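Scroll down for the structure; my scribbles are underneath it.
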Amino acid sequence: MVDDAPEQNPPADEPGSDASDKPAKKQKKKGNFWKELPVLILVAFGLAIGIQIFLGRVYMIPSESMETTLHGCTDCYGDRVLVDKVTFRFTDPAPGDVIVFRGPPSWQNDFISDEPTNPVSQALSWLGSLVGLPSANEEDFVKRVIAVGGQTVKCCDEQNRVTVDGKPLDEPYKHYDEGTPAEQESFEELKIPDGMLFVLGDNRNHSCDSRCQGQGGLNGLVPVDDVIGKARVIVLPPSRWGGVSDHNPQTVAMSAPGWQESAPLGLGIVGAWPLLLLGRRVRDRFRR
């Protein structure tokens, strides 16, 4: 009888060995990651652009016209605010809403932003805008809606309050700069046409708004179609985190039902959910 030859394990450096397979697998995984990275970057940019166009975007507050609700100044770091673009797809802006809108032709901005002159800085600024890094925009404004189409607005009554349809407004957000009289400038009675908005800054005497833009009157009104979205949350700086008040100044004076004041917020939360979900998916993808 011939004894069976004992089995011999293949050398560690042969192709079939486990030791040689492990480095190859690791190398393959690393190679796949670097191949997928450009695709992931393109997908992230695509999502960022889509989210900004359809759902929401961060805007910088560049002036002091909305103090103290929103902090802004031309020579410091102003608030960064998340603007919801979904709510007004289902409903029109209402009194008390803080809105961002494109300036009508008759409007001139009350601040001047320094645009980068270096080509590299310009390119970086453009790329940043694609992914939501905000910069001052001389064509966009942020103000609070005071009256809407069909209403008549005037200032002021005996207690220096704005009135809408002859009834005084409740405006706890109203602000006056320190050292200035707590009295707002008066303006003539104005009937708001349908599809238009009368807007004011919370910093009542430090804001050029529907009272003075285009010399006031009908030229100072904002078309509903020019509204970009509703300011929802202050996202930066961290010390300013919080929601943006949308107190309806007509609620007390005109006894508006409470559900009217809460309905836009509910729609905004529902609309913002896809934004949060997409952001989470992109984040999880990069962590893998």
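The values are calculated or read from the model by the stated rules, or taken from the named source; none is laboratory data. This structure is a prediction, so every number in the text was calculated from the model and none was measured. For neighbour counting, all protein chains shown are included, and Cβ atoms are generated from backbone atoms with ideal geometry for every residue, glycine included.
Within region 201-224, residues that are in contact (Cβ under 8 Å) with a residue 40 or more places away in the chain sit with their Cβ atoms under 6 Å from residues that are part of a loop (DSSP other than H, G, I, E, B) and aromatic (Phe, Trp, Tyr), at 6+ positions apart or across chains, in these pairs: ASP202/TYR173; GLN213/TRP107. Annotation for region 40-58: at least one member residue is at pLDDT 60 or above, farther than 25 Å from SER239 by Cβ and assigned to a loop (DSSP other than H, G, I, E, B).
In region 88-107 there is no residue matching the filter, namely being surrounded by fewer than 15 Cβ atoms within 10 Å (Cβ to Cβ), farther than 30 Å from ARG204 by Cα and either at pLDDT below 90 or out of contact with any helix residue (DSSP H, G or I) (no Cβ under 7 Å at 6 or more places or on another chain) (or both).
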